[in-house]
1. What number of residues within region 8-65 satisfy the criterion of being over 16 Å from Lys157 (Cα atoms), polar (S, T, N, Q) and open to solvent by 70 Å² or more (accessible area, probe 1.4 Å)?
2. Within the group Val88, Val80, which residue is open to solvent by 10 Å² or more (accessible area, probe 1.4 Å), assigned to a strand (DSSP E or B) and free of Cβ contacts under 8 Å to residues at least 60 places away in the same chain?
3. With touching a strand residue (DSSP E or B) at 6+ places or on another chain (Cβ under 7 Å) and either of a type in the set (Gly, Ala, Ser) or surrounded by 14 or more Cβ atoms within 10 Å (Cβ to Cβ) (or both) as the only criterion, which of Leu119, Leu106 stands out?
4. Give just the number: which of (1) at pLDDT below 95; (2) open to solvent by less than 60 Å² (accessible area, probe 1.4 Å) does Thr131 not satisfy?
5. Would you call Glu168 out of contact with any Asp or Glu (no Cβ under 9 Å at 6 or more places or on another chain), within 28 Å of His45 (Cβ to Cβ), open to solvent by less than 10 Å² (accessible area, probe 1.4 Å) and touching a residue at least 12 places away in the same chain (Cβ under 8 Å)?
6. Just one of Leu12, Leu76, Leu66, Leu71 is modelled with pLDDT under 95 and out of contact with any Leu (no Cβ under 8 Å at 6 or more places or on another chain); which is it?
7. For the structure I just gave you, tell me whether Asp143 is within 28 Å of Ala23 (Cα to Cα), open to solvent by 10 Å² or more (accessible area, probe 1.4 Å) and not aromatic (Phe, Trp, Tyr).
8. Residues that are crowded, with 21+ Cβ neighbours inside 10 Å and of a type in the set (D, E, K, R): does region 191-199 have at least one?
Amino acid sequence: MSAETRIQEVLLLFGELRNAPYAPATFATSFGAEDMVLTDLIAKHAPWMEIFTLDTGRLPEETYRLMQETLGHYRLSIQVYFPEHGTVERYVREYGPNAFYENQELRKTCCHMRKVEPLRRALRGKGAWVTGMRREQALSRQDLAVREWDAAHEIPKFNPLADWHGEEVWDYIRRFEVPYNHLHDQGYPSIGCTPCTRAVAPGQDIRAGRWWWENPDTRECGLHVVDGKLIRTRPATPQKTAGQI
């Protein structure tokens, strides 16, 4: 499929999201390569769409630099959601700042307070949630669809780049001179919080550097999964509630 066709498919999807029942739609960015492709397309073709990010408080400096560069480059607004400070304070006081290395329960608790809870606030009142997720990114995402219903948040979720290959993402970035996180140049295909992300060797799984001390089948932060499984059913049907699926 040509790059132009790929782009047109995304823009057609954006056109659907502008109107009921999906408005207001919001795009979640973590400033990864895929997210920067979608940010570029939104800035150029769908400036009406809200963009938000989750600042966990433990992001790499390179991510903050890209956030600043993105704001200046596109002259757009990005809503930033932080974890509740009281919850973080209690966690650190009781378990320590890096307790997530000790066991999966403490890791998931950390991800929940820094990502999952802020996400719930970010999605409140929204008609659709757009992500940069792709099938190639993880074992748990192999069945990812472009259109889904997220039962946990009771909201339609759209993954416009679900079937894009990594080469297509980077071809777009180079072609349109899109800003990107320079940790990608240092062997970081997937970038999250600093203590939970490391570089991977050439040929390794894309998310091998995320929570590398855990089973690869469960390397998700909880934004998209419950008990290691993606939270979704198909197709996206905003009229239904979680209990009707």
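1. 1
2. Step by step, each of Val88, Val80 is checked, and only Val80 is open to solvent by 10 Å² or more (accessible area, probe 1.4 Å), assigned to a strand (DSSP E or B) and free of Cβ contacts under 8 Å to residues at least 60 places away in the same chain.
3. Unique residue meeting the criteria: Leu119.
4. (1)
5. When the stated conditions are applied, Glu168 does not pass them.
6. Sole residue among the options that is modelled with pLDDT under 95 and out of contact with any Leu (no Cβ under 8 Å at 6 or more places or on another chain): Leu76.
7. The answer is yes for Asp143.
8. Scanning region 191-199 turns up no residue that is crowded, with 21+ Cβ neighbours inside 10 Å and of a type in the set (D, E, K, R).
The values are calculated or read from the model by the stated rules, or taken from the named source; none is laboratory data. Values in this document were obtained by computation on a predicted structure and should not be read as measured data. Note that each Cβ is placed from the backbone with ideal geometry, even for glycine, and that neighbours are counted across all protein chains shown. Heavy atoms of the whole protein, side chains included, go into the accessibility calculation; ligands, DNA and RNA do not. Shrake-Rupley method; radii C 1.70, N 1.55, O 1.52, S 1.80 Å.
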